[in-house]
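Novice: Dropping a structure here in structure tokens format, bear with me for questions.
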Amino acid sequence: MVEPEERPSVAGKRLGAPESMGISTLEPGQRPPTMPPGRQVSIRVQMLDDTQEVFEQRAPGKVLFDLVCAHLNLIEGDYFGLEFQDQHKMTVWLDLLKPILKQIRRPKNTILRFVVKFFPPDHTQLLEELTRYLFALQIKHDLACGDLTCNESSAALLVSHIVQSEIGDFEEVQCKQHLLNNKYIPEQDALMDKIIEYHQKHVGQTPAESDYQLLEIARRLEMYGVRLHPAKDREGTKLSLTVAHSGVLVFQGHTKINAFNWSKVRKLSFKRKRFLIKLRPDLNSNCQDTLEFMMGSRDCCKVFWKICVEYHAFFRLFEEPKPKPKPVLFTRGSSFRFSGRTQRQVIDYVKDSEFKKVPFESQHTTYFIAKELLTTERTYLKDLEVITVSFQKSVGKDEAMPDSLRNLIFANFEPVYKFHETFLKDVDQRLAQWEGRSNAHIKGDYQRVGDVMLKNIQGLKLLTAHLQKHSEALLELEQTCRSSRRLEGLCRDFELQKVCYLPLNIFFLRPLHRLMHYKQILERLCKHYPPTHDDFRDSRAALADISEMVVQLHGTLIRMENFQKLLELKKDLTGVDNLAIPGREFIRLGCLSRLSGKGLQQRMFFLFSDVLMYTSRGMTASNQFKMHGQLPLYGMTRSPPSFVFLFKWLLFPHFPESPEESNADQESEDDLSASRTSLERQTPHRGNTTVHVCWHRNTSMSMVDFSVALENQLSGNLLRKFKNSNGWQKLWVVFTNFSLFFYKTHQDEFPLASLPLLGYSITIPSESENIHKDYVFKLHFKSHVYYFRSESEYTFERWMEVIRSTTCSSSHIRSLSRKEPHVY
């Protein structure tokens, strides 16, 4: 257990920042903003951890605000602000463009509070751990003050995460004593037992993970980020007004009773004590055109109106850097002279900070090749955990799996998993040195990638015997499942778990495919380096070693990919006794239309080396495809018209859509953004296999397509935007097996959603689409359009390259045979 004194609550100490020795804690070599001449005054600022700092200056508010952010080493300062009480005892925001002395009459007796000003709709938009920690402190403060109201269960859960962050893993005596000495919510004594019960479940959770969970729970509460402003409606009912990223909200007590989205609001204004919301009549035909609220004073109206201006400007500019001209949304009060400073102020300090910035000298190809190695290694290690951790736990000590099979699988996967744990740490440390440049003893040494790969690939060669056993483990598992219904049921149940996001047997091929990925990365690295580069020799040696392993294991990979695909197709077919017979090779599957007396009927065809099977989707619980007939390909003396058509199908696999295709089979954007796609809802057990996707999108795929898609895997952060949405959502994205899988972070155990790409097209947005961002590509299928944004030109080109391997036919990608690997 971590001792309390080792879990500091101060923001800077939480992240290992140097202890403050005075006013400023700027990094060495940095200079504070230039101070204007004149008498300096002492300004006290209270931080979110309740500590106070004194700053000597009299400049405009932005200079003070920048000093506070520099003191905290805070990059994402856009979400924060400084507030204080004016002479009317009203809490107002410090105007960053006005001089401080023109806003605060008695600065020596005034304390400014550094607080969260703008609450994003999703805390995953926050990039830095420090930013999330400060948001967590804001939640902690709001809970203690009663501003964040919620039910008892949510309150206890929130407090339990705060306690875990501050004292660490649960110990009953220590937890009770801590709760007695610290009050986090007004009704804490009554919830003591429930808080302790929740705290016991957080064992092993780090402070950063506790902050993340705290934000995740809080964002689902109606009162999250709400600052209420008292008002009354025309009938005199007591209400409260507040503003959020989406628009103006109306509360009665602590219950939200109405919400006016920015798109529904035509104009916001105030006259004396009245705050006016003018609605668009075409969107609100059953409502009054203008809603009127009475507030305490003209100053109250002015303050709330100004907050609305800032919120609207901040989130519109944050999401749409170049918006189209829009009608005036805000108008001045009768005597309030608003110069537009707030809008300009937001323009000044809103930064394009969705992606972490890297040092200027690191903005080149080698850095992004190293980063790709890191991101894909993270995904690969997670995939190994599916076998070594999740599957092993699922089968447990069940006697259905013989000891010989258990040892064959786990004894050969665990050494590989442990090796790649060390490999990932090495790559992560090297990239951290590159970005921080604090631990590099030799100038430029941290910019070498080949030496890290050479050292680890030489270690990986010692595990070749274990890699060869993985194919044997897959064969043995399949044979045992045939003779044991219990083991077959265990494997089927495991595949239904969220962590098993691909067919189970694909994970057995992951180590072999990873060798192909290393080879591709080293090929790009050697192509990028000139022969005189310090890292060229190590990179070339590593490429030679990994190429030797690829050649050695290539035949095994080809056989196992074919065997795996036959096993996968077997689960989608009914009426076939044994699909994976010796010597059979899968060639292509896809949709064709059969002309009959009833018109065109959609059929799914499966072409193998020895037989052509045609099926239709059945009405079973899992929507398996029912066999209609088989045409053997051996011993035929004549070529019927169906085979002439089949030859054309092999050459030109993508046909126009069937006119009989139902619109009900198409996915909607809302469906695909949810935890399950519409395909998954139609077929809850095996809804988005390649067979079902080809059926729904009336397309086809070949074995070469399948192999290319598995070789061209990629992972990393992308920003996603829907066709009709304004904001970009940051996601961790994994491309594999013809699909994009979406996670909030790379630490998530399972994907939140997936997007099968078969049938999609990838292009670059046109000017008319108004996507004013760099490195954006567009995915579209019929009316479904998605935009994705990458962090650099290199990553943009890589995402385009790997996705094209799925969205384009294999005949357009490459014509060479995978049975003849290139030898270095």
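We did not get these values from a lab; they are worked out from the coordinates using the rules stated. What you see is a predicted model; the values in this text were computed from it and never measured. Here the Cβ is made from the backbone with ideal geometry for all residues, glycine too, and neighbour counts use every protein chain on show.
Novice: Once a ≥ b ≥ c are taken as the square roots of the eigenvalues of the Cα gyration tensor of segment 125-200, is the result rounded (a/c under 1.5), prolate (a/b larger than b/c) or oblate (a/b not larger than b/c)?
Specialist: Cα axes put segment 125-200 in the oblate bin.
Novice: Right, next: Could you pull out the GluC sites (Glu not before Pro) across segment 191-254 that fall in loop regions by DSSP (anything but H, G, I, E, B) with no more than 12 other Cβ atoms inside 10 Å? Walk me through the intermediate numbers first.
Specialist: Numbers: sites: Glu197, Glu209, Glu216, Glu222, Glu235; in loops: Glu222, Glu235.
Loop-located and lightly packed - Glu235.
Novice: When the Karplus curve 6.51 cos²θ - 1.76 cosθ + 1.60 is applied with θ = phi - 60°, which whole-Hz ³J(HN,Hα) does each residue of segment 77-87 get, with x for Gly and Pro?
Specialist: Per-residue couplings from phi come out as x, 4, 7, 10, x, 10, 10, 7, 9, 7, 5 Hz.
Novice: Counting every Cα pair in segment 37-181, what percent are over 24 Å apart?
Specialist: When every Cα pair of segment 37-181 is considered, 42 percent fall beyond 24 Å.
Novice: Using the Cα gyration tensor of segment 697-747, with a ≥ b ≥ c the square roots of its eigenvalues, what is the shape: rounded (a/c below 1.5), prolate (a/b larger than b/c) or oblate (neither)?
Specialist: Because a/c hits 1.5 or more and a/b fails to exceed b/c, segment 697-747 counts as oblate.
Novice: When only DSSP loop residues count, what trypsin sites (Lys or Arg not before Pro) in segment 452-499 have their Cβ near at most 12 other Cβ atoms within 10 Å?
Specialist: Lys498
Novice: Less than 13 Å Cβ to Cβ from Thr615, Lys/Arg counted +1 and Asp/Glu -1: what total charge do the surrounding residues give?
Specialist: Combined, the nearby Lys, Arg, Asp and Glu give +4.
Novice: For segment 375-523, what does the equivalent ellipsoid look like in terms of its semi-axes, each the square root of 5 times an eigenvalue of the Cα gyration tensor, given largest first in whole Å?
Specialist: 35, 15, 12
Novice: Compute the signed sum of charges (Lys and Arg +1, Asp and Glu -1) over the other residues within less than 14 Å, Cβ to Cβ, of Ser153. Write down the numbers at each step before the final one.
Specialist: Values: positive: Lys194, Lys201, Arg220; negative: Glu152, Glu187, Asp193, Glu197.
Surrounding charge for Ser153 is -1.
Novice: Binned at 5 Å from 0, what are the whole-percent values of the Cα-Cα distance distribution for segment 169-249, short to long?
Specialist: Whole-percent P(r) values from 0 Å outward: 3, 11, 15, 17, 16, 10, 10, 9, 6, 3, 1.
Novice: What pairs from Lys176/Lys256; Lys397/Lys461; Lys140/Lys201 go past 29 Å between their alpha carbons? It would help to have the intermediate numbers written out before the result.
Specialist: Working: Lys176/Lys256 35 Å; Lys397/Lys461 32 Å; Lys140/Lys201 20 Å.
Result: Lys176/Lys256; Lys397/Lys461 exceed 29 Å.
Novice: Still on this structure, I have one more. Using a simple spin-label model with points 7 Å from Cα along the Cα→Cβ vector, what separation in nm is obtained for Gln252 and Asp428?
Specialist: Taking the two extended label points, one gets 5.2 nm.
Novice: Another one. Whose amide H sits under 5 Å from the amide H of Ala231, counting only residues 5 or more places off or on another chain, with H placed in the peptide plane?
Specialist: Excluding prolines and chain starts, which carry no amide H, the hits are Leu239, Ser240, Leu241.
Novice: If you don't mind, another one. What ³J(HN,Hα) values, in whole Hz, does the Karplus curve 6.51 cos²θ - 1.76 cosθ + 1.60 give for segment 575-592 when θ = phi - 60°, with x put for Gly and Pro?
Specialist: Those phi angles translate into x, 10, 5, 9, 7, 8, 8, x, x, 7, 10, 7, 10, 7, 10, x, 9, 9 Hz.
Novice: Sticking with this one: So, R0 is 41 Å and r is the distance between the beta-carbons of Glu488 and Lys527; what FRET efficiency does that work out to, to 0.05?
Specialist: About 0.30, to the nearest 0.05.
Novice: Once phi is turned into ³J(HN,Hα) by the Karplus curve 6.51 cos²θ - 1.76 cosθ + 1.60 with θ = phi - 60°, what whole-Hz value does each residue of segment 608-617 show in order, with x for glycine and proline?
Specialist: Each residue of segment 608-617 in turn: 10, 5, 10, 7, 10, 10, 10, 9, 9, 6 Hz.
Novice: Let me ask something else. Can you give the extra length, in nm with one decimal, that the chain gains between Val785 and Ser766 once fully stretched, where that is 0.36 nm per residue apart less the Cα-Cα distance?
Specialist: 5.6 nm
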